[in-house]
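These notes concern the structure reproduced below.
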Amino acid sequence: MIMDMMSQKFTTDLTAGEGGTVTADRTSVRYNQNITYTITPDEGYAVADVIVDGKSIGAVSEYTLKNVRKNHTIEVVFEKIGWQNPFTDVSVEDRFYEDVQYVCENGLM
């Protein structure tokens, strides 16, 4: 019986929303072993939340399931990052702020 459990493989139902990817160091894991997932947001996105088996663990870039003894689910939620003003001489109070933002976001500058 114990030998049957040791040879059993477990998988993870992995869901990643728009804005990034999730990769694992392998496709399945044997009983009582670990598996690590790397979470990589696309440019312009950030990790908003990682949900493991229905429980939020926060915005992490890597997660390891330890001593796996069952199948798991992982859902990653990404969020679009707002424009980050790179200019020290342009503030949100300036009448032309939105114009500068538009030009930068659309690659015109």
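Numerical summary
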item: Positive-end residue of SER91, LEU108, THR73, charge dipole of the range 69-109 with Cβ unit charges; result: THR73
item: Net charge dipole size for the range 1-89 [Lys, Arg +1 and Asp, Glu -1 on Cβ; Debye, nearest 20]; result: 640
item: Inter-site label distance for ARG95 and ALA48 at 7 Å from Cα along Cβ, in nm; result: 3.6
item: Computed E for THR27/ILE57 - FRET, C-beta separation, R0 35 angstrom, nearest 0.05; result: 0.95
item: Relative contact order (%) - the chain, alpha-carbon pairs under 8 angstrom, separation at least six; result: 27
item: Net charge contributed by nearby residues that have their C-beta within less than 12 Å of THR36 (K/R +1, D/E -1); result: 0
item: Set of aspartates and glutamates with alpha-carbon distance to LYS70 below 16 Å, sequence-local pairs under 8 removed; result: ASP4, ASP13, ASP53
item: Residue among GLY82, THR21, VAL52 farthest towards the positive dipole end of the chain, charges placed on Cβ; result: VAL52
item: Charge dipole (debye, nearest 20) of the range 51-109; +1 at Cβ of Lys and Arg, -1 at Cβ of Asp and Glu; result: 740
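Rule-based calculations on the coordinates, nothing more; no lab input. Keep in mind the model is a prediction, meaning the values are calculated, not measured. Here Cβ is always computed from backbone atoms with ideal geometry, including for glycine, and neighbour counts include all displayed protein chains.
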